[in-house]
Amino acid sequence: SRAERAEILSHNSQDATRSLAILGSQPEALLMAVLFAEARVHTYLAGPFEGSSERSLGRAWDEAQWLLSLHRKNGTIRQAADVRDLPLSDIEDIVVAGHATNQRETGDLERVVRDVAKNLQKNSNLTFTGLCRPGYTLETIGETVRKYSGLSIGSEVGLCYSPLLWNGEPLHAFRERPAIIAGIGDKAVSHVQDVFLRIFPTMTTTSKVNAAEAAGLFTPIYRDVVGALQLELANMCEGERVDYSDAIDLCKAFGLHNLGVPRTTPARDALASQIAISSNRNGWNSHLIRAARRVNEHAHTQILIMIKNALARCGRRMRHSRIAVLGLHGLRPSTGARHEPPQILQTLERRGAIVSLYPGEIPVASLNGLAESITVEKTISKAVQRANCALIALERPVETELNPQRLASEMTRPAAICDLTRVMEASNVERAGLFYTSIGRGSPEA
């Protein structure tokens, strides 16, 4: 029974010092749990997370799964499938990780808070981490805690907020990022700051919870808007026959360092834009943010147009053409803990293309729902054999295999390279006899 499972979890010899629980289904919950475990803080974790027997350095999610498996074995992390399986009445610090993005996620988040509040002990602290509209922590989380626990916020139980968002960066980069703790009551904020300093080296504290919630939205919204600006500038360059990379190099020399390679699809930053747009309670009309989201979401269509024009340059239509997709960087919407196949694969298949995939460092088993007709290869050379077009979405160059001469020898001629992440030198590709294009350089036209 659930009561028996909770009793087993609470009667471990290490549980006398196990006063921290992290709850939630978002990636941030797992990342925090393994970081606390690495800091030798015995931790409960409630969420649908799976361990891994293989270590993958540099990829935060894969490394976190490996660390979860490791710390479950040595007992530093005790994991449960549901929050109600934990002995919450014996836990001093509870962290709820989630994002109040849509109705389903908000409902799941508030259910977890209700379950926590029913078993909350006096003088404990609840910290909500994630993105939300300004006012959500006090008005919704705080009111739920007060209603279901019967305890007073501030005097009997501490309530804090931290705007954490993992956007795919390596685990060490997530850890080194400056963090914010906001809350009610100096004692609670100071205590939670001490707890979080075990995993984050820099902490800023404030009593202005609403301002911290707004600040949590601002940084990813800024990146999302800049990403849309990059795509718009790249489109302008294509129309004027200017190489976008040349313009950006001069732009950086002029002091505008925030511009770079256009992001091809919105990543988890889009969560902040979605929350900001949906939190329009006082008549504020977010024209710029809405426009930026439309531009970013249009990137999928831009990729298809690029591939279509590249194939036309080779005298081919998309139907029956062989297209190799090399890497998945920037192609997948990273909205949750599990990887999903990028939409571009499904679209190419529906349009009659013969698709092969080299997923790079991403495990194929984690791509749930990948069509059976898509051939997955372990090497770049195998994926591009007889291909008419190669769509490159690799985060970094693979020097041994991503060689223009080698690609040209494996691909059917004429063939084209669509370089989304600009890991290849255009002049080298063209000298090898392949057509080259990227966002902002000018898609080859039929």
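The values are calculated or read from the model by the stated rules, or taken from the named source; none is laboratory data. Because the structure is a prediction, the values reported are computed rather than measured. Cβ: placed from backbone, ideal geometry, glycine included. Neighbour counts: every protein chain shown. Ligands, DNA and RNA are stripped out before the accessible areas are found, and what is left, the full protein with its side chains, is counted by its heavy atoms. Shrake-Rupley method; radii C 1.70, N 1.55, O 1.52, S 1.80 Å.
Between Arg351 and Asp82, how many nm apart are label points set 7 Å from Cα along the C-beta direction?
Label-label distance for Arg351 and Asp82, simple model: 4.6 nm.
Give me the extension gain from Thr219 to Ala371: residue separation times 0.36 nm, minus the current Cα-Cα distance, reported in nm with one decimal. Could the numbers behind the result be given before it?
On the way: separation 152, 0.36 × 152 = 54.72 nm, distance 3.58 nm.
Going from the current span to full extension adds 51.1 nm.
Once the piece of chain linking Ser89 and Asn74 is laid out straight, how much longer is it, given 0.36 nm per residue of separation minus the C-alpha distance between them? Numbers along the way, then the final one.
Values: separation 15, 0.36 × 15 = 5.40 nm, distance 2.41 nm.
Stretched fully, the Ser89-Asn74 segment lengthens by 3.0 nm.
Using only the heavy atoms of the protein chains and a 1.4 Å probe, how would Glu92, Glu110 rank by accessible area, largest first? Spell out each step's value before the answer.
Working: Glu92 70, Glu110 45 Å².
Putting Glu92, Glu110 in descending order of accessible area: Glu92, Glu110.
Given DSSP loops and a limit of at most 14 other Cβ atoms within 10 Å, what is the longest stretch of the chain that contains no such chymotrypsin sites (Phe, Trp or Tyr not before Pro)? The partial results should precede the final answer.
Working: sites that count: Phe254, Trp284.
Longest run free of exposed loop sites: 1-253.
So which lysines can Lys378 reach, going by Cα to Cα under 27 Å and dropping same-chain residues fewer than 8 places off?
Straight-distance partners of Lys378: Lys308.
Per residue, what accessible area does the chain have, given a 1.4 Å probe and all protein chains present, in Å²? Could the numbers behind the result be given before it?
Values: 20560 Å² over 446 residues.
For the chain, the solvent-accessible area averages 46 Å² per residue.
Please work out the Kirkwood hydrodynamic radius for the chain, using every pair of different C-alpha atoms, and report it in angstroms with one decimal place.
Details: mean 1/r = 0.0421 Å⁻¹.
Radius from the Kirkwood sum: 23.8 Å.
Could you give the length gained on full extension between Val242 and Glu169, defined as 0.36 nm per residue of separation minus the Cα-Cα distance, in nm? Kindly include the intermediate steps, with their values, before the conclusion.
Numbers: separation 73, 0.36 × 73 = 26.28 nm, distance 3.14 nm.
Full-extension gain reported as 23.1 nm.
Would you mind computing, in nm to one decimal, how far apart the modelled labels at Asp108 and Leu250 are, each placed 7 Å from Cα along Cα→Cβ?
So the label points at Asp108 and Leu250 sit 4.8 nm apart.
Can you list the HN-Hα couplings for region 231-239, worked out from phi with the Karplus curve (6.51, -1.76, 1.60; θ = phi - 60°), rounded to whole Hz and with x for Gly and Pro?
5, 5, 5, 5, 5, 4, 4, 4, x
At most 15 other Cβ atoms within 10 Å and a DSSP loop assignment: could you name the trypsin sites (Lys or Arg not before Pro) in region 72-159 that fit?
Numbers: sites: Arg72, Lys73, Arg78, Arg84, Arg104, Arg111, Arg114, Lys118, Lys122, Arg146, Lys147; in loops: Lys122.
Passing sites in region 72-159 are Lys122.
For the chain, give the percent of accessible area contributed by carbon and sulfur heavy atoms, probe 1.4 Å, rounded to a whole number. Each step should come with its number before you reach the end.
On the way: 9910 of 20560 Å².
It is 48 percent, rounded to a whole number.
What lysines could a cross-link reach from Lys208, if we take a straight Cα to Cα line under 18 Å and drop same-chain neighbours fewer than 8 places away?
Within the straight-line limit of under 18 Å, Lys208 reaches these lysines: Lys187.
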